[in-house]
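Below you'll find the structure, written out as structure tokens, and then a few comments.
The values are calculated or read from the model by the stated rules, or taken from the named source; none is laboratory data. Computed from a prediction, not measured in an experiment: that's the story for all the values here. So basically every Cβ, Gly included, is an ideal-geometry build from the backbone, and we count neighbours across all protein chains shown.
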Amino acid sequence: MSITELIKEGTAEAVKELYDHEVNANEVNMNVTRKEFDGDYSVVVFPYTKAAKKKPEQIAEELGEYLVGKHDHLTKFNVIKGFLNLEVSDAYWVNYLNNVAQKKSLKKAPHGEKIMIEFSSPNTNKPLHLGHIRNILLGWSCSKIYDALGYDVTKVQIINDRGIAICKSMLAWELFGNGATPESSGIKGDHFVGKWYVEFEKAFQAEYQPWQKTEEGQEVFSTQNKKEEEEAKFFKSYKNNYFNNYSKLGASAKAMLLKWEDNDEEVKALWNKMNGWVYEGFNVTYKNLGVEFDDLYYESGTYLLGKENIEKGLNEKIFYKKEDNSVWIDLEDAKLDHKLVLRSDGTSVYMTQDIGTAIKRYEDHGAKKMVYVVADEQNYHFKVLFEIMKRMGESFADGLHHLSYGMIDLTTGKMKSREGTIVDADDLMKDVIQAAKENAIEKGELTELSEAEQNDIYRKIGLAALKFFIIKVNAKKRMVFNPAESVDLQGNTGPYIQYAFVRINSVLKKAGEIDTSIAKNYTSMGNTERDLISQIFRLEEVVQLAADNFDPSFIANYCYDMAKTYHKFNHDHRIINAETPEAKAFRIQLCQVVGNVLEYGMDLLGIEMPERM
């Protein structure tokens, strides 16, 4: 029984014996004691005032005396405003540390339950950017967290490889590319194709701006119904109206999409060629970021399955058809309005594809838990998708989860892919690695290493800076990424935690091989030593909390707190020159375990630890 289980069970037992009141041990409200008070754990006693018919302070005193008197591992208690603060014995913590030190792995044994996590899911009309990085880091970290908890994890992405946006890039290359390729232009494949998406937008604007001033344009502008929409939405609608009904470029792009869906050989050949360039580029980015996938799904391969199931749903009255032949579903009773699932011309929408993809993935892998890592602007979309899956009677419908995250900006502002102002993922990785290199060169501590060894350390530090800065923020919050702040060796950053790990390795290297078996005889533990061990004890709880909430920021901030405590411990205590052999053995063992926990925790975030900095 762990110390937290002992306290909960003991409290339930005490309440029964002292006040003749039944309490479920799992419902005992207990927290880590706040740092300004003495103690390790605090029990909230207010729920027992009615049964005991006493003041909270008196109840806390009685429960404290009962628990300390009955359990050797609880040595002291104090009462602060109705909170019972309990202190755990040094012997318990020393024994716990020794047990953790003997573990070969901090991961849980596999139990076979399956979970599928979809992340990245890019469009093939543009390269991966800063927004994708947040998506990828959240998905990758969640997959590692669930793997650590013993799940059978499948990492997938759905590649949005078809649709009007892809046709815009294809059309622009046909019109303006003059046969150029990534090789001939010296541009990475995904960047090359993204360039033509931007070129399409430039050409479209050159066509659209003069039209606005024509008699026809003014007439459309004046007659379009604004209703109560915001002005920005009105102008977007006005622009879309032009694209769909008046633009020559728009007509050509839509015609290309229809040809694609009709399997036109020339259009499909161009599509395959340009998507191939993009995939080569994506793979380089994924490799540099340190992520990989177990399976890939393509919108072009799942939208037809979605159509088939929508047709089936029409026959079963799940969907309905309007007079223009578009297909919809009525979700008003679920407070989700009516949702389009097929256009009037028979072409699919994102929902069509997502219906097909969900069914296909369950057929392939049988995972009843499926997680979609997608920005919060798609919250409504996934509410609709999950409701549709339930109405279609899919067995996995209750296991669908949307990991919704806030958008990410740079200090310079928002990103816009159409205007070509996105923050490219490749460039961003290069920038943070370069910043790490400049910091290291300034300190001059790696000069004796080879160039390859130095570059590997710069890479680890730079990527840690990038990844940690993003992951440490609660996924639901919108955030601003500051490259300069991310590489700081002080404060809540990845390099700060890496530095704690490097200091630990330095201490262990200087200490050499020692007999840690006498560590169990150490009996004069200091506050920071206790703090470190109690933080180690919380590791399992934090990993589970991160999994339950699909939020790796719990682990990121846990690692930061532990690194901060270790730096204080390193300052407050002699380690190699400790006052007794028992103290040295204990502190060396403590360093070993803290190093293992930091390396494990950061690995769950996809962050590598360097040996030197």
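For residue 115, the conditions (1) assigned to a strand (DSSP E or B); (2) aliphatic (A, V, I, L, M); (3) buried (at least 24 other Cβ atoms within 10 Å of the Cβ) all hold with the exception of (3).
Checked against the criterion of being assigned by TED's automatic domain parsing to the domain that holds residue 498, surrounded by fewer than 21 Cβ atoms within 10 Å (Cβ to Cβ) and within 19 Å of residue 504 (Cα to Cα), region 541-550 has no qualifying residue.
Exactly one residue out of 141, 120 is crowded, with 23+ Cβ neighbours inside 10 Å, part of a helix (DSSP H, G or I), polar (S, T, N, Q) and under 23 Å from the mean Cα position of the chain (by Cα), and it is 141.
Which of (1) more than 20 Å from the chain's Cα centre (by Cα); (2) free of Cβ contacts under 8 Å to residues at least 40 places away in the same chain is the odd one out, the single condition residue 549 does not satisfy? The single condition residue 549 does not satisfy is (1).
Each residue in region 48-81 was checked for being surrounded by fewer than 17 Cβ atoms within 10 Å (Cβ to Cβ) and either of a type in the set (A, V, I, L, M, F, W, C) or under 43 Å from the mean Cα position of the chain (by Cα) (or both), and 8 of them qualify.
Have a look at 534, 506, 524 and point out the one that is under 30 Å from residue 432 (Cα atoms) and hydroxyl-bearing (Ser, Thr, Tyr). Exactly one of 534, 506, 524 is under 30 Å from residue 432 (Cα atoms) and hydroxyl-bearing (Ser, Thr, Tyr), namely 506. Residue 255 fulfils the conditions (1) without any contact (Cβ under 8 Å) to a residue 12 or more places away in the chain; (2) surrounded by 18 or more Cβ atoms within 10 Å (Cβ to Cβ) except for a single criterion, (2).
Scanning region 382-410 for residues that are crowded, with 17+ Cβ neighbours inside 10 Å, without any contact (Cβ under 8 Å) to a residue 40 or more places away in the chain and in a helix (DSSP H, G or I) yields 382, 385, 386, 389, 397, 399. Of all residues in region 341-367, those satisfying the criterion of being farther than 14 Å from residue 396 by Cα and in contact with a Phe, Trp or Tyr (Cβ under 8 Å, 6 or more places away or on another chain) are 341, 348, 352, 353.
Report, by residue number, each residue of region 381-393 that is within 17 Å of residue 367 (Cα to Cα) and out of contact with any helix residue (DSSP H, G or I) (no Cβ under 7 Å at 6 or more places or on another chain). Hit for region 381-393 is 393, nothing else. Within this structure, residue 106 passes the test of being assigned to a loop (DSSP other than H, G, I, E, B), surrounded by fewer than 22 Cβ atoms within 10 Å (Cβ to Cβ) and aliphatic (A, V, I, L, M). Exactly one residue out of 556, 519, 563 is within 21 Å of the chain's Cα centre (by Cα), small (Gly, Ala, Ser) and either surrounded by 22 or more Cβ atoms within 10 Å (Cβ to Cβ) or within 19 Å of residue 589 (Cα to Cα) (or both): that is 556. When 32, 43, 68 are checked against the criterion of being aliphatic (A, V, I, L, M), within 22 Å of residue 525 (Cα to Cα) and in contact with a strand residue (DSSP E or B) (Cβ under 6 Å, 6 or more places away or on another chain), 68 stands alone in meeting it.
Inside region 520-578, residues that are out of contact with any Gly (no Cβ under 9 Å at 6 or more places or on another chain), over 21 Å from residue 101 (Cα atoms) and of a type in the set (Gly, Ala, Ser) make up a count of 3.
Conditions tested, residue by residue: (1) among the β-branched types (Val, Ile, Thr); (2) under 25 Å from residue 593 (Cβ atoms).
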| position | (1), (2) |
| --- | --- |
| 58 | no, no |
| 62 | no, no |
| 68 | yes, no |
| 82 | no, no |
| 90 | no, yes |
| 96 | no, yes |
| 99 | no, yes |
| 105 | no, yes |
| 108 | no, yes |
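Elements of the type helices (runs of 4 or more DSSP H) sitting completely within region 147-227 and holding at least 2 residues that are β-branched (Val, Ile, Thr) and over 30 Å from residue 110 (Cα atoms): these cover 164-176, 189-212, 215-223. I need a count of the residues in region 28-55 that are among the basic types (Lys, Arg) and assigned to a helix (DSSP H, G or I). So the count comes out to 1.
Taking region 89-103 as the range and being assigned to a helix (DSSP H, G or I) and among the small types (Gly, Ala, Ser) as the test, the residues that pass are 91, 101.
Quick check: anything in region 275-284 touching a Leu at 6+ places or on another chain (Cβ under 9 Å), under 30 Å from residue 219 (Cβ atoms) and at pLDDT 95 or above? The answer is no, given that none of the residues of region 275-284 is touching a Leu at 6+ places or on another chain (Cβ under 9 Å), under 30 Å from residue 219 (Cβ atoms) and at pLDDT 95 or above.
Where strands (runs of 3 or more DSSP E) fall wholly inside region 274-362, the ranges with 3 or more residues that are out of contact with any Gly (no Cβ under 9 Å at 6 or more places or on another chain) and either surrounded by fewer than 21 Cβ atoms within 10 Å (Cβ to Cβ) or not assigned by TED's automatic domain parsing to the domain that holds residue 187 (or both) are 295-298, 338-342.
Candidates are the residues of region 566-587 that are surrounded by fewer than 22 Cβ atoms within 10 Å (Cβ to Cβ) and aliphatic (A, V, I, L, M); the one that is farthest from residue 289 (Cα to Cα) is 578. Taking the criterion of being among the aliphatic types (A, V, I, L, M) and in contact (Cβ under 8 Å) with a residue 40 or more places away in the chain, the residues of region 563-601 that qualify are 563, 575, 576, 583, 585, 588, 590, 593, 594, 597, 598.
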